[in-house]
Amino acid sequence: MSNHTGVEIAWKNFEVKGPLTKTEKKKRKMSGLPIDDKTIIRNANGIISAGTFTAILGPSGSGKTTLLNFLANRIYYLKGLKVSGEVYINGHSRSDIDFNSIAGYVMQDDVIMETMTVEEVLTFTAKLRLPKETWKEKVDKVINSLELHNCKHSRVGGVLKKGISGGEKKRVSIGIEMLIDPAILFLDEPTTGLDSYNSENLVKNMRNLSKTGITVICTIHQPNSFIYANFENVLLLGGGNTAFHGDAQQAILHFNNLGYPCPKFSNPAEHLLALLSPIDDTFNERMEAFRKSFNSEVTELEEKEISHIFKAKESTVWEELWMLGQRIIKNFVRNRMILLFKIIGNTVFILLTLMAFFDICSGTNATSVMNRAGVIFFILVFLSFMAVNASGAYADEKAMFIREQASKTYKPVSYFFSKLFFEAPFDLTIRVIVIFCIYLGVGLSLANPEQIFIFVGIVILVELCARGWGTFLVISIPDLQAASAAAPFLMIIQLLFAGFFINYDNIPVYLIWLEYMSMFKYSWSAALENEFNTWDQAKCGQAVLCDPIDYFSIIISLGINIVILACLVVAINFLAFLALLNLSRKFRL
């Protein structure tokens, strides 16, 4: 790994306030206390020297991750909190520099595509962010420095598919950030979920990274004594204050001098965390003593040159589309369970539909009219719900998209169109095969050969429309379960005003706007016109149903319905793109 000088980071007057929980508000009201926001961290100051390894420790709720995100400029993760303070990099205000060009951030959860190999994960990022002449060499260096050479051809794996170990996965996450040789690296609880052996090895790797000149800062939850021994510096938070910041071994001596010696043969970290936790009535007294004994004031900062600034390669949209497309194809081909489910699910659908409706539409009487209208509506509804669920791929990759946007790996427009150009075509191919089988099997009209192709075109537009709605909901609603619940509700509302359950003429005037927003109104109307434009009314008789276009109150022509449906596809997918762009802007600082 390349050596460089790293950067010094300092913060002044850092203060965090957060809203009280309902329980806390209730208790305070009963006690007659004010219900103002609670202070999580008050007036904190500090400085971390370049090329050092610092661990932020403290009990739950002390503000460890909040401080880390503040220093790392991850503003989105501070949402809901009132945060104030200033951050300086080598004496320069952080707002005056391109902080992302010198900083790396490793999230607590390892958000990596499970079907990719370790080398492919690193190569994907390297090709998009590094020059063509150096990316291969950089990937090899990262693999060797993080001791990933033994698993570089192994797939990452996940819950259902076994892959590399948790420790190796965390090192891959670090490796992604190390590709740009950051001057400062932030890690949010990197040992979470790892056993003691992998945790200790990971911390040793972090210590070694700091020896190359990188400033390494992390939060750690309950480290064991061996991990603590590898810390260079510790920053202890408790009671809303900085209790200590300095050499890890000196921390033990510092609290010993205050009358809180560390018992023999005990874990120093557990001892320190116990002192910082409100476990007895002397907590406030201890915190006041700690605050007075430690001076966290930051003196005048000297401005120094920031010698290492990463200049990312400016990849074109086409390059990004190709790289993202390759990743989508590999993920799809290797994810055999989903592939098998789609094939089996659609095959079963074809068989059941043909068993129930085989040749049901071949008649020329009034009953045949309802059969045809019902089959067409059933096909449109089933495939639209399948398409809405297909947008779940966005949900699976949402966290990964956020990480890649924070590091500006690619443009959001490239990601959006890669899904349309490389992921949607496979689903559309399956839909076309399904439609051909069902259309021919149930006996829908073939008086004109183009009728089946027009129907397929209508179904493709419905598919794209439904995918757009699903994508919009998944991206714009933070909670996946809420988005999953909203999708069928949105579809049902559109179904209600499609004209099948209630005739267009009978829809109340104050709900007419819902009719005009329904993709099923235009798709079903277009499909019925396509089906009945060769219908021989004379053979059917004088029944009301024998004039289906008039019976279903269809007044818009086939061509206009298709044009409106196409406009809806563009509008809804544009809405989904705007939601993706808005999500990207929250992290792409």
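The values are calculated or read from the model by the stated rules, or taken from the named source; none is laboratory data. Just so it is clear, the structure is predicted and the values come from calculations on it, not from any experiment. Heads up, the Cβs are rebuilt from the backbone with ideal geometry, glycines too, and the neighbour counts pull from every protein chain shown. The protein model used for the area step is the full one, side chains on, heavy atoms only, and it has no ligands, DNA or RNA in it. Shrake-Rupley method; radii C 1.70, N 1.55, O 1.52, S 1.80 Å.
Cysteines in the chain that lack a partner Cβ within the 4.7 Å cut-off: Cys151, Cys218, Cys262, Cys361, Cys437, Cys465, Cys567. Each residue of the stretch 326-343 is assigned a 3J(HN,Hα), and the resulting list reads 4, 5, 5, 5, 4, 4, 5, 5, 7, 8, 5, 4, 5, 4, 5, 4, 5, 5 Hz, derived from the Karplus form 6.51 cos²θ - 1.76 cosθ + 1.60 (θ = phi - 60°), x at Gly and Pro. Once backbone amide H atoms are built at 1.01 Å from N, Ala243 has Leu236, Leu237, Gly238 as its partners under 5 Å, excluding neighbours fewer than 5 places away on the same chain. Ligands, DNA and RNA are left out, and with a 1.4 angstrom probe the accessible area of the stretch 1-126 is 44 Å² per residue. Give Lys169/Lys204; Lys12/Lys64; Lys141/Lys161; Lys38/Lys79; Lys12/Lys204 a once-over and call out the pairs whose C-alpha atoms are over 19 Å from each other. Result: Lys141/Lys161; Lys12/Lys204 exceed 19 Å. Ligands, DNA and RNA left out, the accessible area of the chain computed with a 1.4 Å probe is 58% carbon and sulfur. Net charge of the neighbourhood of Glu189, taken over other residues with C-beta under 12 Å away and scored Lys/Arg +1, Asp/Glu -1, is -1. With a ≥ b ≥ c taken as the square roots of the eigenvalues of the C-alpha gyration tensor of the stretch 91-196, please select rounded if a/c is under 1.5 and otherwise prolate if a/b is larger than b/c or oblate if it is not? Oblate is the answer for the stretch 91-196, as a/c is 1.5 or above yet b/c matches or exceeds a/b. FRET efficiency for Lys204 and Gln250, Cβ-Cβ distance as r, R0 = 22 Å, nearest 0.05? Working from the Cβ atoms, E equals 0.60.
Can you show me the helix-derived [θ] at 222 nm for the chain, built from DSSP H runs with n ≥ 4 at -39,500 (n - 2.57) apiece and divided by the number of residues, rounded to the nearest 500. So the calculated ellipticity at 222 nm is -17000 deg cm²/dmol.
Label separation (Arg42 vs Phe489): 4.2 nm, computed from points 7 Å beyond Cα along the C-beta direction.
Among the trypsin sites (Lys or Arg not before Pro) in the stretch 19-104, those placed in a DSSP loop whose Cβ has at most 11 other Cβ atoms within 10 Å are Lys79.
Using Cα centres only, tell me the gap between the stretch 201-229 and the stretch 362-410 in whole Å. With the stretch 201-229 and the stretch 362-410 each reduced to a Cα centre, they are spaced 47 Å.
First check a/c for the stretch 195-315, with a ≥ b ≥ c the square roots of the eigenvalues of its C-alpha gyration tensor; if it is under 1.5, answer rounded, and if not, answer prolate when a/b is larger than b/c or oblate otherwise. In terms of gyration-tensor shape, oblate.
For Tyr105, the residues whose amide H sits under 5 Å from its own are Phe186, ignoring neighbours fewer than 5 places away on the same chain, with H placed 1.01 Å from N. Given their separation in residues at 0.36 nm each and the Cα-Cα distance between them, Leu440 and Leu78 gain 124.6 nm when the chain is fully extended. Each label was represented as a point 7 Å from its Cα along the Cα-to-Cβ direction; for Thr316 and Ile338 these points are 2.9 nm apart. Database remark: amide H of Ile56 closer than 5 angstrom to the amide H of Cys218, Thr219, Ile220, Leu235 (H placed geometrically; neighbours at sequence offset of 5 or more, or on other chains; Pro and chain starts carry no H). Reported to the nearest whole Å, the Cα centre-to-centre distance from the stretch 446-484 to the stretch 231-286 is 58. Other residues whose C-beta falls under 15 angstrom from the C-beta of Ala269 contribute a net charge of -4, scoring Lys and Arg +1 and Asp and Glu -1.
The angle separating the long axis of helix 424-442 from the principal Cα axis of greatest extent in the chain is about 30 degrees.
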